[in-house]
Amino acid sequence: MIEIERKFLVKSSDFKTGSYQQTRIIQGFLNTDPERTVRVRINGKHAFITIKGISSKNGLSRFEWEKEIPVVEAEVLLDLCEPGKIEKVRYLVKNDNHTFEVDEFFGKNLGLIIAEIELNKEDEIFVKPSWLGEEVTGDVRYYNSQLSKDPYINWKKDLE
């Protein structure tokens with residue numbers, strides 16, 4: 001139940017041509033404490049409740065527990081969530097032996113595109129596609145729980 005993941009900004013929309021699936025996602029957080037976030041997500045026709053623990057110091061790994069729940073229950077739970085729901089489309093992009101999950105955000109996070117890759121070990125080698133940009137693994141600004149509280153629109157100008 002340990003998730004090992006690296007996160008990158010995306011520098012072009014070229015990933016869309018390699019995408020084999022895309023799904024609309026809406027999610028909210030019942031708790032955004034960094035030591036134990038609790039997320040409710042509707043992912044297409046499926047819904048999940050997820051608990052994540054605190055990230056390791058390098059931001060690569062953390063505890064994750066997830067359970068599928070009925071969509072109608074997730075809709076009710078979303079109404080109980082903290083302010084700042086996340087809306088995005090997730091693209092699945094096969095690249096060599098890995099699959100990237102590329103999230104294109106909307107609403108107050110419009111303009112932000114993040115690619116994540118799950119790994120079996122922290123030092124696992126993977127092929128980086130040309131559309132992959134700067135690595136932001138461990139940068140809390142790019143955690144969905146943080147984006148729900150302090151959206152990209154509030155600080156993107158600081159990056160320019």
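The values are calculated or read from the model by the stated rules, or taken from the named source; none is laboratory data. Computed from a prediction, not measured in an experiment: that's the story for all the values here. Because the Cβ atoms are built from the backbone with ideal geometry, glycine has one as well, and the counts that use them run over all protein chains shown. Please note that ligands, DNA and RNA were not included when accessible areas were found on the heavy atoms of the full protein model with its side chains. Shrake-Rupley method; radii C 1.70, N 1.55, O 1.52, S 1.80 Å.
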Checklist outcome for this item: The correct count of residues that are of a type outside the set (Gly, Ala, Ser), in contact with a Lys or Arg (Cβ under 8 Å, 6 or more places away or on another chain) and closer than 16 Å to residue 83 by Cα in the range 8-37 is 6
Checklist entry - If only one of 2, 114, 54 is surrounded by 14 or more Cβ atoms within 10 Å (Cβ to Cβ) and among the aliphatic types (A, V, I, L, M), which one is it? => result 114
Next on the checklist: Being over 16 Å from the mean Cα position of the chain (by Cα), touching a residue at least 12 places away in the same chain (Cβ under 8 Å) and open to solvent by less than 90 Å² (accessible area, probe 1.4 Å) narrows it down to one residue among 7, 45, 16, 11; which is it?
Outcome noted: 16
Checklist entry - Within the bounds of the range 67-90, is there any residue that is modelled with pLDDT under 95 and surrounded by fewer than 16 Cβ atoms within 10 Å (Cβ to Cβ)? => result no
Checklist outcome for this item: Per the list (1) aromatic (Phe, Trp, Tyr); (2) buried (at least 18 other Cβ atoms within 10 Å of the Cβ); (3) out of contact with any Phe, Trp or Tyr (no Cβ under 6 Å at 6 or more places or on another chain), residue check on residue 131 breaks on (3)
Checklist entry - Consider residue 156 against the criteria (1) loosely packed, with under 15 Cβ neighbours inside 10 Å; (2) over 18 Å from the mean Cα position of the chain (by Cα): it satisfies all of them except one. Which criterion is unmet? => result (2)
